[in-house]
1. For the pair LYS362 and ALA155, how long in nm is the line joining their label points, each one 7 Å along Cα→Cβ?
2. Keeping the other protein chains in place, figure out the carbon and sulfur percent of the accessible area of segment 514-615, with a 1.4 Å probe.
3. Local charge sum around LEU337 (other residues, Cβ-Cβ under 12 Å, Lys/Arg +1, Asp/Glu -1)?
4. With contacts defined as alpha carbon pairs under 8 Å and 6 or more residues apart, what's the relative contact order of the chain in percent?
5. Straight distance only, please: which aspartates and glutamates reach the Cα of LYS362 with their own Cα at less than 17 Å, same-chain residues fewer than 8 apart left out?
6. Got a number for the accessible area of ARG33? Probe 1.4 Å, square angstrom, nearest 10.
7. Take the alpha carbon atoms of segment 325-377, find their radius of gyration, then divide it by 2.2 N^0.38 Å using N residues; give the quotient.
8. Which lysines, on any chain, are close to LYS143 with Cα under 27 Å apart, when same-chain ones fewer than 8 places away are left out?
Amino acid sequence: DTQVSETQRLLAEGMSRRSDAELVKWLDHKDMRIRREAQFELAERGLAAVTTLEKVLPRPETLPRLHALWGLGQIATKFPKQRTRILKSVIAALEDPDLEVQTQAAKVLGDTGHQEAFDPLADLLSGTSAPRVRFFAAQSLGKLGNKKAVEPLVALLRKNSEDDAFLRHAAVYAWASLNDPEGVKRFVNDPSASVRLGATLVMRRLRQPEIAEFLNDADPMVVVEAARAIHDEPINPAMPQLAALAINKDIPTNENTAEALWRRVVNANYRIGGSANAEALAGMAARADLPPGVREEALQDLGGWSKPSNRDAVLGLWRPLKERDPAFAREAARKALPILFSNETPGIRIAALKLAGKYELKEMAAALRTIAMDTAMDGATRVEALKALAIFTEPSLLELTGVLCRDEDADLRKEAENIEARLLPGQGAERWLRSLQGGTINERQNALARLALSADPSADATIKDWMERLLAGKVPPELELDVLEAAGKREPLNYLVRQFEESLSKGNPPAPYRMALAGGNAVAGKKIYMERAEVSCVRCHKIGAEGGEVGPNLAGVGKQKREYLLQAIVAPNEKIAAGFEMVILKMKDGKIHAGTLKKETSDIIEIISPTDGSLNIRKSDIAERQRGPSGMPEGFGSILSKRELRDLIEFLATLK
């Protein structure tokens, strides 16, 4: 291409020896580098080039005119005393029919700080200019620093009426640039909600404590933006007013603002940390008009009162708090919890029960016992009530677990058995043996775990029997890992564990993990998938619309065999999902292409290259083809324990 060679030549030669006329010619070159080099050279020539650049402005082509404007701006910056003369034609360009010329003229006038442009720029805001023109005109007014700009900027906000978020941003940015905190206060009670919202955002930028007045505004958006400003910046002098919203039931919210507002109110109380704040959190937990997630968070904050996390709960930023006395939280919980035990939302009930156990509120033992025995209540709630009672070590606890060990709910039976095992160490092996023979999979897994820790001499014989079944391939897949782990905890049986490991196929990478194929906990697996930083599943994979796009979307992956899921995790390079295989192609002409294989026919290979985009390559032009490594890293088999791997596979298997 002749233009490529021309560009190469022009860049190599430079612009310093060229005439003004030749430089003007290159302002319309297709390559931006050439246009910019020509512009900078003309600007370097200073006042002598002003007339040359002015003559470009009436031309019909847009690009050279823009470079002329920018060049004039550069010269005006170097010669401030001559600014009026230099920028006269730039001010005139504010009325140009070309909207982008208007836009860049407005920008140049702001960047150069040309005060004589104030009135023309203000006129653009009040006129019928295009939104993009008004956007840059507003920002330039802010750069001029003239406090008279408040009126046209406020008028822009009033006229905009939240139709265009970009225009609101430009007006707020410019208004804040004027640095007039006293002037902003005049608009706290403005009749326009758009103006009040703009004033809120300006106060945020100026970090004004008076922003707390907007917490009482009638508009939900104004209230939530004031809350965001106080909490997120943070504006600490206004934090008590934000926390005080906890007892105000007349705050205007809507479905778009409620959670954002109340989570910050919760966190403000948690961070301030006084007696009244603990009471406020307990009160918020009891408020039926608040979102359930907010109420749960209030209870969780009471539970974590004494040792606060170093990360802010709303923003995730590092905002450490000192450890503190849990007395305030304990007393607040004591007053609020009884009414929450029967709450209609399971998450709130469970959070309240955990809190009762956390602070060992023994006076609630009778209520907890009633919940644990209530067969009409969901299993998770009953389990949590039993766990809280176990913390108290109630005198009647052993009697209660004896009853609950026969309950219909498997999780409740399991928890009752675990508590009984702790209360009666060395006893209860008979129960584990019965569970192992006739219980559900979950109960049999629990029985093996308990027998592994039992002091009963019969435990060795039982686990040995199960290990021999495992070696013979006669153990249900859901119990293989549990048998292996139980034998590993009994030293006399370690030789059987080694014998089993030696029996696994040495040439098959997934083989050492085969006992993780079944029997996992899908809930625990989802937590690993979503939250475990070391594996970061959600960063690369989507489930439906949530997650990253580096790897395949996992919606429907549960239809695959579990062996496929295991191999994809522990040995990703053995078989790569269609559409994500990396190929390296060496062409006959010496070029090399690498990318993701998207489609292949008998004649053509289509790849997506990170440098060249989509490429359709004829197979007849390829000299050599190699497969690249999977984007899924190796090593997850060593990062996750076999139990964690089993839970993750169980979760993936639910994605039908």
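The values are calculated or read from the model by the stated rules, or taken from the named source; none is laboratory data. Predicted model only: the values in this text are computed from it and were never measured. So basically every Cβ, Gly included, is an ideal-geometry build from the backbone, and we count neighbours across all protein chains shown. The protein model used for the area step is the full one, side chains on, heavy atoms only, and it has no ligands, DNA or RNA in it. Shrake-Rupley method; radii C 1.70, N 1.55, O 1.52, S 1.80 Å.
1. The answer from the label model is 7.5 nm.
2. 53
3. With Lys, Arg at +1 and Asp, Glu at -1, the neighbours total +4.
4. Relative contact order of the chain: 5 percent.
5. Correct list for LYS362: GLU331, GLU384, GLU394.
6. The accessible area of ARG33 comes to roughly 110 Å².
7. Segment 325-377 yields a ratio of 1.10.
8. LYS78, LYS81, LYS88, LYS107, LYS159, LYS185
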